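Everything on this sheet refers to the single structure shown next.
Values quoted throughout were computed directly from the atomic coordinates according to the rules given, and no laboratory measurement underlies them. Keep in mind that this is a model prediction, so the values were computed, not measured. Here the Cβ positions follow ideal geometry from the backbone for every residue, glycine too, while neighbour counts run over all protein chains shown.
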């Protein structure tokens, strides 16, 4: 049995957690790392303790590099977690975002189509693709719920989401056109202590870590729109779902979410209350941090993947906040 897995974007939080899951299950994991002048493998400290973990150099935006890796490794599974994933940055670097998030997917698909169409690929898509769209459900008591699931229309609001949607449609097109083993995971916001420090959740918890260690010298935390609502889940929980998607024997797209949504304001409240402080004393709203086009509301319905694969998230957003705050308080103390 071929137990080789190739992961693009292995150095990110999702790639690192997914590597560990496959390694624990006895797979040989090959993580693609684009060459940089400085080390960027800090999240891979656990993965690197396994003898069956291998770092390979490559770049998803280079079709020759992608084809060469796939033809040499001949994996059973390919996970594409590679992306320029920061929404605000995508407005400043739209061409790079397009190449990483759309062209990269095309490069993987063309290589797989040429080398071995039996290789299973799971694309990491995003809830940002829904943009301002949502579906409505009214129960027998007349209570209305708004949500996004696999059938909700998509109307992306950023270069990041547009490029991701292009990659998402490429997966569907190649699956239908060439009978390839392809699927997309439509992730709602993934959080963990490994979240990048430019993302709002980590900005908040890292600030609290600094505040609790250096309160005398900590300026106010500047944030943009704190009324945006998101469905936040733990990245490690979501990678458990991805493992099931690879090994389930079917090819379809799934929304992966917790089904709970709160605002950034609520996240602030929970995080600062956890350390006994009021966020209003430490946060300053900076209009320059508002996105040119904002996604106001994301609320995932993951009932399809829960029904088909028997997956449910283990941790709530409140568990995640506490874990991230504890991590950042300890990190800033060192």
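A few points about this structure:
- With the alpha-carbon atoms of segment 180-285 aligned to their principal axes, the span from lowest to highest coordinate is 57, 25, 21 Å, starting with the largest.
- One decimal place: the segment residue 118-residue 333 gains 72.5 nm when fully extended, by the rule 0.36 nm per residue minus the C-alpha distance.
- Length-normalised contact order for the chain - Cα pairs under 8 Å, 6+ apart - percent: 18 percent
- Counted residue by residue at 0.36 nm each, then reduced by the alpha carbon distance between them, the extension gain from residue 56 to residue 278 reaches 75.3 nm.
- Mean separation of Cα contacts under 8 Å, 6 or more apart, over the residue count of segment 1-152: relative contact order %: 22 percent
- Counted residue by residue at 0.36 nm each, then reduced by the alpha carbon distance between them, the extension gain from residue 173 to residue 294 reaches 40.7 nm.
- Ranked by the mean number of other Cβ atoms within 10 Å per residue, highest first, peptides 229-242, 271-284 order as 229-242, 271-284.
- Antiparallel bridge percentage (DSSP; both residues within segment 117-246; nearest 5): 30 percent
- Rounded to 10°, Cα long-axis angle of helix 200-213 versus longest principal axis of the chain: 50 degrees
- Put in line by how crowded their Cβ is, counting other Cβ atoms within 10 Å and starting with the fewest, 324, 212 read 212, 324.
- Sorted ascending by nearby beta carbons within 10 Å, beginning with the fewest, 147, 178, 254 become 178, 147, 254.
- Evaluated at q = 0.14, 0.24, 0.29 Å⁻¹: base-10 log I(q)/I(0), Debye formula over Cα of segment 256-318: -0.62, -1.05, -1.20
- Expressed as a fraction of 2.2 N^0.38 Å, the value expected for a compact globular protein of N residues, the C-alpha radius of gyration of segment 146-200 is 1.39.
- Helices in the chain, meaning DSSP H runs of at least 4 residues, each add -39500 (n - 2.57). Divided by all residues, the mean residue ellipticity at 222 nm is -12000 deg cm²/dmol.
- Taking every Cα-Cα distance in the chain and sorting them into 20 Å bins starting at zero, the pair-distance distribution P(r) comes out as 31, 59, 10, 0 percent.
- Between residue 213 and residue 91, the FRET efficiency from the beta-carbon distance, with R0 = 35 Å, is close to 0.60.
- Between 0 and 90°, nearest 10: helix 317-333 axis offset from the chain longest Cα axis: 80 degrees
- Principal-axis tilt of helix 264-274 within the chain, Cα atoms, nearest 10 degrees: 70 degrees
- The calculated FRET efficiency for the pair residue 40 and residue 143, based on their C-beta separation and a Förster distance of 45 Å, comes to about 0.45.
- Taking only the Cα atoms of segment 1-74, the radius of gyration and Dmax are 11.8, 37 Å.
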